[in-house]
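Some notes on the structure that comes next.
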Amino acid sequence: MINLRTLDLNLLVTLDVLLSEHSVTRAAHRLSLSQPSVSVHLARLRKIFGDPLLLPGPRGMRPTAKAEALREPLRQALDALDRAVSPGRPFDPTRATRIWRIAASDYAESTIVLPTLQRLREAAPGTRLSIIDAVPSRIARQAEQGEIDLAFHTTEGAPSSLRRRALFNERYVLVGRAGHPRLRRRPTLPQFCELGHVVVSPEGGGFLGTTDQVLSAMGMERRVVLSVPHFLFVVQAVTGTDLVAMLPERLARRMPGLRVVEAPVEVPGFEMSMLWHERVHRDPAHRWLRDCVAASVSGREGGTASSVNTP
């Protein structure tokens, strides 16, 4: 039994070249070694494998049956080792065929994925994109196990085990349907509180948001009449009724049929980040994807999140 832990890898490289050249002289030239050194390597290999490996013949050395059996597995093993230790090859998006898996909420789909999609299709037409519903409590595990390549989340509350890149800062605006009779101009604070409001509660059923915390500190309260789990349903709800909502501006500005006005109360916004695991941090393909996303959203107002509530 050969002990791989004590086996000199250089001997296997020498054997691979000998099996290719069938000559100690030519093998020494390819390996930039002296002929005696290659002969010493061959002697050690014969002892390790308990076989002559190469025998003198009329036209150079000819491999034994044992050597022939070693030839292809040895070549494959050395090729795999060479790929493992070689510097990463540059990523060519025009030739890529991989599947990207991204965890995103419906909000992130509209404000990050869609702006990135055209750039991605043009630059890497052979790739495919799989969007997975973002569940904040699962993001770290999914990234660690390779189930997702990227996730979008507010910087605050993002899993500390993941690397992150800030994408932009987001602010909230007040929205209602186009032609809403009470949004022809910015409402006063009492008028704002009297309106029927919709909130997003990703965990389901909540009727309080950041806006309510700010109003409570002022001794005021708004009228929240609808709680939903998704942002896009909020858009549908306010465009079809006289309800209003506080929405992230990047999403609101992208939606037709909405009237967008400044709210009479200042609500803290949030910073959005792109998240990924350390295991893919230096991968050229993954680095390209991150740069593609960042370039697609740069210079625009708004944000993305896996766990953003309407305030």
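The values are calculated or read from the model by the stated rules, or taken from the named source; none is laboratory data. Predicted model only: the values in this text are computed from it and were never measured. Every residue, glycine as well, gets a Cβ built from its backbone with ideal geometry; the counts of neighbours run over all protein chains shown. With ligands, DNA and RNA removed, areas are computed over all heavy atoms of the protein, side chains included. Shrake-Rupley method; radii C 1.70, N 1.55, O 1.52, S 1.80 Å.
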In a shell of Cβ-Cβ distance under 11 Å around HIS230, excluding HIS230 itself, what net charge do Lys and Arg (+1) and Asp and Glu (-1) give?
-3
Please compute the per residue accessible area over the stretch 1-143 with all protein chains in place, 1.4 Å probe, rounded to a whole number of Å².
61 Å²
State the answer as a single residue: which of SER110, ALA140, LEU33 lies farthest towards the positive end of the charge dipole of the chain, with beta carbon charges of +1 for Lys and Arg and -1 for Asp and Glu, about the Cα centre.
LEU33
With unit charges on the beta carbon (Lys/Arg positive, Asp/Glu negative), name the residue among LEU11, PRO58, MET255 whose Cα is farthest towards the positive pole of the charge dipole of the chain.
PRO58
Cleavage-rule hits, trypsin sites (Lys or Arg not before Pro), the stretch 153-206, DSSP coil, Cβ neighbours within 10 Å at most 10:
ARG184, ARG185
Which log10 I(q)/I(0) values does the chain give at q = 0.13 Å⁻¹ under the Debye formula, counting every alpha carbon as one identical point scatterer?
-0.93
Rounded to the nearest 20 debye, dipole of the chain from Cβ charges on Lys, Arg, Asp, Glu
1000 debye
The size of the Cβ-based charge dipole (Lys, Arg +1; Asp, Glu -1) of the stretch 33-107 about the Cα centre, to the nearest 20 debye, is 280 debye
Name the chymotrypsin sites (Phe, Trp or Tyr not before Pro) in the stretch 133-220 that are in a loop by DSSP and that have at most 13 other C-beta atoms within 10 Å, would you?
PHE207
Find the accessible area per residue for the stretch 172-265; the probe is 1.4 Å, ligands and nucleic acids are left out, and the unit is Å².
48 Å²
Run the quick spin-label model on ASP8 and SER34: label points 7 Å from Cα toward the beta carbon, then report their separation in nm to one decimal.
1.4 nm
Cα point-scatterer Debye curve for the stretch 9-85, base-10 log of I(q)/I(0) at q = 0.14, 0.23 Å⁻¹:
-0.41, -1.11
So which trypsin sites (Lys or Arg not before Pro) in the stretch 221-287 are both in a DSSP loop and have at most 15 other Cβ atoms within 10 Å of their Cβ?
ARG282
With unit charges on the beta carbon (Lys/Arg positive, Asp/Glu negative), name the residue among ALA69, GLY126, ALA166 whose Cα is farthest towards the positive pole of the charge dipole of the chain.
ALA69
Whenever you get a sec, compute what percent of the accessible area on the chain sits on carbon and sulfur atoms (1.4 Å probe).
50 percent
Roughly how tilted is helix 35-49, in degrees to the nearest 10 and between 0 and 90, from the longest Cα axis of the chain?
80 degrees
If you count the DSSP beta bridges with both ends in the chain, what percent of them are antiparallel, to the nearest 5?
60 percent
Cα-based helix-to-principal-axis angle, 9-21 vs the chain, degrees rounded to 10:
70 degrees
